[in-house]
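Peer 1: Have a look at this one before I ask anything.
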């Protein structure tokens with residue numbers, strides 16, 4: 001007969017601090033949308049804002065960088 005352990009019989013949702021990133025190509029990001037260079041959250045992964053079809057701006061340093069349309073970037077879901 002299976003044991004009923006009430007302490008382990010509860011729903012354990014993912015933590016709020018978990019970031020959900022979706023891999024996407026730079027060309028698929030809409031102008032003015034935010035994107036990240038890696039799928040890992042934290043201070044070492046600043047958000048970028050797409051400026052036009054070839055560049056994005058780092059929102060922390062205010063520096064613009066060039067991107068190719070096929071570059072893989074990440075957006076939050």
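Every read-out reported here was derived from the displayed coordinates using simple, explicitly stated rules and does not represent laboratory data. None of the values given here were measured: they were computed from a predicted structure. For neighbour counting, all protein chains shown are included, and Cβ atoms are generated from backbone atoms with ideal geometry for every residue, glycine included.
Peer 1: Can you tell me the FRET efficiency between residue 33 and residue 62 if r is taken as the Cβ-Cβ distance and R0 is 22 Å, rounded to the nearest 0.05? Walk me through the intermediate numbers first.
Peer 2: Working: r = 18 Å, r/R0 = 0.80.
Once rounded, the FRET efficiency stands at 0.80.
Peer 1: Show me the three semi-axes of the equivalent ellipsoid for segment 19-76, from the C-alpha gyration tensor (sqrt of 5 times each eigenvalue), largest first, rounded to whole Å.
Peer 2: On the way: eigenvalues 51, 38, 15 Å².
Listed largest to smallest, the semi-axes of segment 19-76 are 16, 14, 9 Å.
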